[in-house]
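The values are calculated or read from the model by the stated rules, or taken from the named source; none is laboratory data. Owing to the predicted nature of the structure, the values given are computational and were not obtained by experimental measurement. Because the Cβ atoms are built from the backbone with ideal geometry, glycine has one as well, and the counts that use them run over all protein chains shown.
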Amino acid sequence: MACPTASNEVYVKSLLSGFACACLVWFCGAAPAGAQQPAAPPAAGAPGTPDRQNPPGPDGSSQEPESSIALPLKVPELPAIPDVRMPGERGFWVGFNAWVANPSPNVEKGSDQYQYLGNLPLTGKPRLFNNSFDGGVALGLHNVLRFSYMQSRATNAELAPTQIGIFTQVYLMGDYLVTDYRMKSLKLSFDYLSWPYPVKTSRFRVKTLWQFQYMQIRTGIDAPYVPVTDSSGNPLLDAQGNYLSFATQETKHFYLPEVGLELQEWVLPRFRLEASASGFSIPHHQNSWEYETSANLRIGHVELRVGMRGYHFRTSGQQDFWIKGTMNGPFIGLRLYSDQMR
């Protein structure tokens, strides 16, 4: 008969062996399917495994697949176009001109009811020259706001060419007359660059002129040798009881817009040629025109100007008398600029 102690020992060993196998089966089933342990890094100096998807290039570098090119977030700005300003197109300037010209104004009969002729040329000439002042200030890159003032005055003596009635007096043919006139003109002009645009590095300019002018002329006439007293020296009286006088004067003026054109060429940075013309006319009323050509040499802040100038004016023909005149002659002038030569 077998011993019971040996049977129990065999039974316990079989039970422990079955329990160990069950634990091993459970551990293997709990691990994730397909899980793999990370590969160990290659040893130093060992050649790496080539990438089959990105094979190395001829120079040994890895060739990455090309991706689509991304558009820039902001379109780059175009390069700025150079816009060169010539001397005098910055800051401001003032100038003085001496003009040798004779207006030779004529007094003409208009709507006056005198039965006599009313035409008389004023033959007086300025003693030396007519004074002219101008100035300007730069607006924008190449535009200029400019002003100019001109005056002329002369006195002369002449004989009445025929019996004439002028203003408030009547003169007989051959009367000794003393005539005097004073003329002045004030003009404001906006010189606007019209071509080329953009200027870039061009030295040539075409400007349109938008102007406004005020013109005034005062004329005086007297007959100093016509008696105004009787033989006893007593002053004579006219029909209204006033002291007799043969002096008369009248002032005419007008306001007139003008348009024109100006051409400029910088032959050298310090030497400029310039020509301009402007005018305006109201039929049967006032009219005016002006031209100027000049050569201009710049030295530092000072510019010397030499050229020719012409000016014509006519007051309104709807008045009792109207006056017209034309001036032509050379001029010389100086300008002082605020900007520095570059």
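Observations, loosely collected:
- Total residues in the stretch 156-199, condition surrounded by 14 or more Cβ atoms within 10 Å (Cβ to Cβ), under 30 Å from Pro82 (Cβ atoms) and not small (Gly, Ala, Ser): 5
- For the stretch 219-251, filtering for residues that are of a type outside the set (Asp, Glu), assigned to a loop (DSSP other than H, G, I, E, B) and over 30 Å from Gly325 (Cα atoms) leaves 12.
- Pairs are defined by a Cβ separation below 6 Å, a sequence spacing of at least 6 or placement on different chains, a first member in the stretch 250-261 that is more than 11 Å from Gln213 (Cβ to Cβ), and a second member that is outside any strand (DSSP E or B); the pairs so defined are Glu250/Phe167; Lys252/Thr315.
- Within the stretch 302-323, if we keep just the residues that are more than 19 Å from Pro121 (Cβ to Cβ) and at pLDDT below 95, the residue that is surrounded by the fewest Cβ atoms within 10 Å (Cβ to Cβ) turns out to be Gln318.
- When the strands (runs of 3 or more DSSP E) confined to the stretch 85-202 are screened for residues that are at pLDDT 95 or above and either under 27 Å from Val228 (Cα atoms) or not small (Gly, Ala, Ser) (or both), those reaching at least 3 such residues are found at 92-99, 130-139, 143-159, 176-195.
- Residues in the stretch 284-307 that are assigned to a strand (DSSP E or B) and out of contact with any Gly (no Cβ under 7 Å at 6 or more places or on another chain): Asn287, Asn296, Leu297, Arg298, Ile299, Val302, Glu303, Leu304, Val306, Gly307.
- Residues that are within 17 Å of Ser132 (Cβ to Cβ) and surrounded by fewer than 18 Cβ atoms within 10 Å (Cβ to Cβ) were ranked within the stretch 278-294; the one that is farthest from the chain's Cα centre (by Cα) is Trp289.
- One residue from Ser148, Ser111 being surrounded by 19 or more Cβ atoms within 10 Å (Cβ to Cβ) and either within 41 Å of the chain's Cα centre (by Cα) or polar (S, T, N, Q) (or both): Ser148
- Among the criteria (1) in contact (Cβ under 8 Å) with a residue 60 or more places away in the chain; (2) more than 21 Å from Glu250 (Cα to Cα), the one Tyr171 does not fulfil is (2).
- For the stretch 259-283, taking the residues that are farther than 21 Å from Ser185 by Cα and assigned to a loop (DSSP other than H, G, I, E, B), the one that is modelled with the highest pLDDT is identified as Arg270.
- Only a single item in (1) touching a Leu at 6+ places or on another chain (Cβ under 8 Å); (2) more than 18 Å from Gly329 (Cβ to Cβ) is not met by Ser104, and it is number (2).
- Phe271 vs. criteria out of contact with any Lys or Arg (no Cβ under 9 Å at 6 or more places or on another chain) and of a type in the set (A, V, I, L, M, F, W, C): no
- Ser316 being assigned to a strand (DSSP E or B) and either in contact with a His (Cβ under 7 Å, 6 or more places away or on another chain) or of a type in the set (Gly, Ala, Ser) (or both): no
- Restricting the stretch 230-245 to residues that are within 60 Å of the chain's Cα centre (by Cα) and polar (S, T, N, Q) leaves a set whose member that is surrounded by the fewest Cβ atoms within 10 Å (Cβ to Cβ) is Gln240.
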